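The structure appears below as structure tokens.
The values are calculated or read from the model by the stated rules, or taken from the named source; none is laboratory data. If you're wondering where the values come from, they're calculated on a predicted model, not measured in any experiment. Cβ sites come from the backbone with ideal geometry, for glycine too, and all protein chains shown count toward neighbours. Just so you know, the surface numbers come from the protein's heavy atoms only, side chains and all, with ligands and any DNA or RNA stripped out. Shrake-Rupley method; radii C 1.70, N 1.55, O 1.52, S 1.80 Å.
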Amino acid sequence: MKRKTAILLVTAAGLLATSAAANASGLTSKVSGLLRKDVVVSIDGTETGIQPVFIDGKAYLPAREAADALGYRLTWSEGEGGKQIILEDEADFALASGIIASIKKDEDGSVTIEFLGRSQGAGNWIMFKADGKSEIADENGEKRKLDDLKEGQRITVEYGPAVALSFPPQAYANKITVGTQRFIREEAVGDVNVTDEGVRVSFGSGEGAAYKPDLVLNAGKESAIVNAQGQSLEWSDLKKGMKIRAYYGPVVTKSIPPQSPIDTIVVLDEVKAEQK
């Protein structure tokens, strides 16, 4: 889990000194440059807002702004021969946010977490390995243990840097932030109503006019619907009678029937995600 580090040696010993001291020592000289506001600096197709300065036909970028945009942390340090600019890679770990679908304790004391959610580049279905070296805490920063991890919890995982190209992908969980516990219900959909105003999914008993819902779940902007492999589905793919696993809550109303927001619905019947 080593971070990559680049060190740029600055031989001008007075670089961090005041302008007056630098001028007095003869270490500085004036140069003329052109600030080109019409030149766009992009990283991976995203504009940064960094404006280059052209001096003698060469483009120069501000070191700290460029380092931040590239995912590096810039620090200064004393080194042999002068000051050092140290660039430390902060992009070793990726982030994922979602639900613990299952968790299994391994023989070596570690745990394997089946994760369903959204991640940076590794897909939405990942097997995370966590052990005693993994940093685990709740959203308030209170430390937690491996035994505190439960199925149905919403978690944010800092993982990597290596990701095994298996199916599903596997990665080491460097840091886990534990969110609220969701309720879980796994059975066939009693009824589903998809409209322009939203999605309502209910569980219940009876058929036709005798159908009585005992729980109504409402989808919001953050609600997700996926198949068992974490592939995103459309709400229109969800049909009455399909077997699903619903993660919902944490709030449940005291109405009849009770209602609750959907976190994630996993369609357990065979439904293929459309290729986009």
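For Glu222 and Glu65, what does the FRET efficiency come to when R0 = 51 Å and r is the distance between their Cβ atoms, rounded to the nearest 0.05?
Working: r = 33 Å, r/R0 = 0.64.
Efficiency, from the Cβ-Cβ distance: 0.95.
Kirkwood hydrodynamic radius (Cα pairs, Å) of region 120-276?
Values: mean 1/r = 0.0580 Å⁻¹.
Kirkwood hydrodynamic radius for region 120-276: 17.3 Å.
What FRET efficiency would be calculated for the residue pair Asp38, Asn140, taking the C-beta separation as r and a Förster radius of 45 Å, to the nearest 0.05? Before the final figure, lay out the partial values.
Working: r = 48 Å, r/R0 = 1.06.
Between Asp38 and Asn140 the formula returns 0.40.
What do you get for Rg/Rh over region 167-248 if you use C-alpha atoms and the Kirkwood form of Rh? Can you show the working numbers first?
On the way: Rg = 15.3 Å, Rh = 14.7 Å.
Taking Rh as the inverse mean 1/r over Cα pairs, Rg/Rh reads 1.04.
How much of the accessible area of region 171-276, probe 1.4 Å, is carbon plus sulfur, in whole percent? Can you show the working numbers first?
Values: 2970 of 6000 Å².
Reported share for carbon and sulfur atoms: 49 percent.
Explain nothing, just compute: Karplus ³J(HN,Hα) = 6.51 cos²θ - 1.76 cosθ + 1.60, θ = phi - 60°, for every residue of region 30-35 in order, whole Hz, x for Gly and Pro.
Each residue of region 30-35 in turn: 7, 10, 9, x, 10, 7 Hz.
Past the 24 Å Cα-Cα mark, which pairs from Lys129/Lys221; Lys105/Lys143; Lys104/Lys133; Lys104/Lys221; Lys212/Lys254?
Working: Lys129/Lys221 30 Å; Lys105/Lys143 19 Å; Lys104/Lys133 17 Å; Lys104/Lys221 31 Å; Lys212/Lys254 16 Å.
Cα-Cα > 24 Å for Lys129/Lys221; Lys104/Lys221; rest within.
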